[in-house]
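A.B. asks: My structure is below; once you've seen it, I'll send some questions.
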């Protein structure tokens, strides 16, 4: 370790940013070299002076107003977030409301008694098994839906009707 | 019954951040109170104005609250805060047009003629308070003459005690740049305080 090495490493030495063996080598050299020792001491004195000067200034600052101001800013952030969330949720809510309204309209049209003011046009569509269903009408029927397969099973009480006919 | 000697273990920054993200305002307040003075010392050192420094402190924490979900936890919370504060200080100086006056007169790696210095008191001067006051005044002037980048590196190292690695994260520059800026800034300050330190 030479004086030039110490000059090059002085900052990192004063900041304890060197590997331990290098720290030790610089310290050993400085202990036996008054010029390098003085150089390191001046650096450390500068560090202390800067720290003391800035800390003394900062200690004199009144920070009591910081939290109220930050809390007010945080309130504004929260309010903006809340509106933003509502705005994002609006399309889905609107679609849901429309769907409910449409369902309600269809349901109302389906259950309300027909008050016809004129001749009604009835559109009927005959299903392939309509005749069979008509024959079951009024019989003792039970339905069961298999949850896994989705199959609907219809039990018919044969004694109660005339299926065989 | 708890003993008087028992003290509550302070929550970690990360724990407070997690709670603050979940809407716990008290947790965020604890973070503010934990770091407001340190952020203030950086802002005051950078801006040399109490009013501007207080504005920056408030804005730093307001921004931190707003972007709390962006804090990943891969560096210290204070490192993240300092980065916000440093950027706000730079913005503030840009607004005031101060940056143009603070360019380095020479390349930071090059040598520079020591600036003219005022004669200090004799070495045996017994009035330490006068001496300290003069050191303070000279330091104040010398800090003003540093560029924001050099001033920041000095403040983060000497006042905040950050490591080179942490400073490089705050200033978003390589560790080698931190070292060269620190070396340059210290030599500048030393040349201004030659007779006093």
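A.B. asks: Looking at (1) away from chain A (no Cβ under 14 Å); (2) within 19 Å of residue A:56 (Cα to Cα); (3) at pLDDT 70 or above, find the lone condition where residue B:140 falls short.
C.D. replies: Exception for residue B:140: condition (1).
A.B. asks: Of all residues in region B:53-80 being part of a helix (DSSP H, G or I) and either free of Cβ contacts under 8 Å to residues at least 12 places away in the same chain or away from chain A (no Cβ under 12 Å) (or both), which is surrounded by the most Cβ atoms within 10 Å (Cβ to Cβ)?
C.D. replies: This residue is B:58.
A.B. asks: Restricting to region A:15-47, name every residue that is under 30 Å from residue B:31 (Cβ atoms) and surrounded by 12 or more Cβ atoms within 10 Å (Cβ to Cβ). Break it down stepwise before answering.
C.D. replies: Residues of region A:15-47 under 30 Å from residue B:31 (Cβ atoms): A:15-17, A:47.
Selection gives A:15, A:17, A:47.
A.B. asks: Right, here's the next one. Which condition from (1) in a helix (DSSP H, G or I); (2) surrounded by 11 or more Cβ atoms within 10 Å (Cβ to Cβ) is the one that residue A:86 breaks?
C.D. replies: Residue A:86 satisfies every listed condition except (2).
A.B. asks: Given A:78, A:37, A:5, A:11, which one is more than 30 Å from residue B:159 (Cβ to Cβ) and either touching a residue at least 60 places away in the same chain (Cβ under 8 Å) or assigned to a helix (DSSP H, G or I) (or both)?
C.D. replies: On the way: A:37 fails: more than 30 Å from residue B:159 (Cβ to Cβ); A:5 fails: more than 30 Å from residue B:159 (Cβ to Cβ); A:11 fails: more than 30 Å from residue B:159 (Cβ to Cβ).
Testing whether each residue is more than 30 Å from residue B:159 (Cβ to Cβ) and either touching a residue at least 60 places away in the same chain (Cβ under 8 Å) or assigned to a helix (DSSP H, G or I) (or both) leaves just A:78.
A.B. asks: On the given criteria, is residue B:19 closer than 23 Å to residue A:81 by Cα and either more than 11 Å from chain A (Cβ to nearest Cβ) or in contact with a strand residue (DSSP E or B) (Cβ under 9 Å, 6 or more places away or on another chain) (or both)? Break it down into steps so the answer makes sense when it comes.
C.D. replies: Details: closer than 23 Å to residue A:81 by Cα: yes; either more than 11 Å from chain A (Cβ to nearest Cβ) or in contact with a strand residue (DSSP E or B) (Cβ under 9 Å, 6 or more places away or on another chain) (or both): yes.
Answer is yes for this residue.
Per-residue answers, yes or no, for (1) closer than 30 Å to residue B:59 by Cα; (2) in contact with a helix residue (DSSP H, G or I) (Cβ under 9 Å, 6 or more places away or on another chain); (3) within 14 Å of chain B (Cβ to nearest Cβ):
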| site | (1), (2), (3) |
| --- | --- |
| A:25 | no, yes, no |
| A:28 | no, no, no |
| A:54 | yes, yes, yes |
| A:66 | yes, yes, yes |
| A:73 | yes, yes, yes |
| A:85 | yes, no, yes |
| A:88 | yes, no, no |
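A.B. asks: Output the residue which, of all residues in region A:1-12 that are over 14 Å from residue B:180 (Cα atoms) and touching a helix residue (DSSP H, G or I) at 6+ places or on another chain (Cβ under 7 Å), is nearest to the other protein chains (Cβ to nearest Cβ). Spell out how you get there, then give the answer.
C.D. replies: Looking only at region A:1-12, we keep the residues that are over 14 Å from residue B:180 (Cα atoms), and these are A:1-6.
Those left that are additionally touching a helix residue (DSSP H, G or I) at 6+ places or on another chain (Cβ under 7 Å): A:1, A:3, A:6.
Numbers: A:1: 19, A:3: 17, A:6: 14 Å.
Checking each candidate, the answer is A:6.
A.B. asks: Also, quick follow-up: Which one of these does residue B:161 not meet: (1) within 10 Å of chain A (Cβ to nearest Cβ); (2) assigned to a helix (DSSP H, G or I)?
C.D. replies: Of everything listed in (1) within 10 Å of chain A (Cβ to nearest Cβ); (2) assigned to a helix (DSSP H, G or I), residue B:161 misses just condition (2).
A.B. asks: Mind checking which residues of region B:164-173 are over 18 Å from residue A:19 (Cα atoms) and within 13 Å of chain A (Cβ to nearest Cβ)?
C.D. replies: Looking only at region B:164-173, we keep the residues that are over 18 Å from residue A:19 (Cα atoms), and these are B:167-173.
Listed by number, the residues that qualify are B:167, B:168.
A.B. asks: Part of a helix (DSSP H, G or I) and over 23 Å from residue B:154 (Cα atoms): is that true of residue A:53 in this structure? Show your work before the answer.
C.D. replies: On the way: part of a helix (DSSP H, G or I): yes; over 23 Å from residue B:154 (Cα atoms): no.
No: the conditions fail for residue A:53.
This table checks each residue for (1) buried (at least 19 other Cβ atoms within 10 Å of the Cβ); (2) farther than 16 Å from residue A:46 by Cα; (3) facing chain A (nearest Cβ under 8 Å).
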{"site": "B:135", "(1), (2), (3)": "yes, no, yes"}
{"site": "B:153", "(1), (2), (3)": "yes, no, no"}
{"site": "B:175", "(1), (2), (3)": "no, yes, no"}
{"site": "B:183", "(1), (2), (3)": "no, no, yes"}
{"site": "B:189", "(1), (2), (3)": "yes, no, yes"}
{"site": "B:192", "(1), (2), (3)": "yes, no, no"}
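The values are calculated or read from the model by the stated rules, or taken from the named source; none is laboratory data. Quick caveat, the model's predicted, so the values are computed rather than measured. Neighbour counts run over all protein chains shown; Cβ positions are idealised from the backbone, glycine included.
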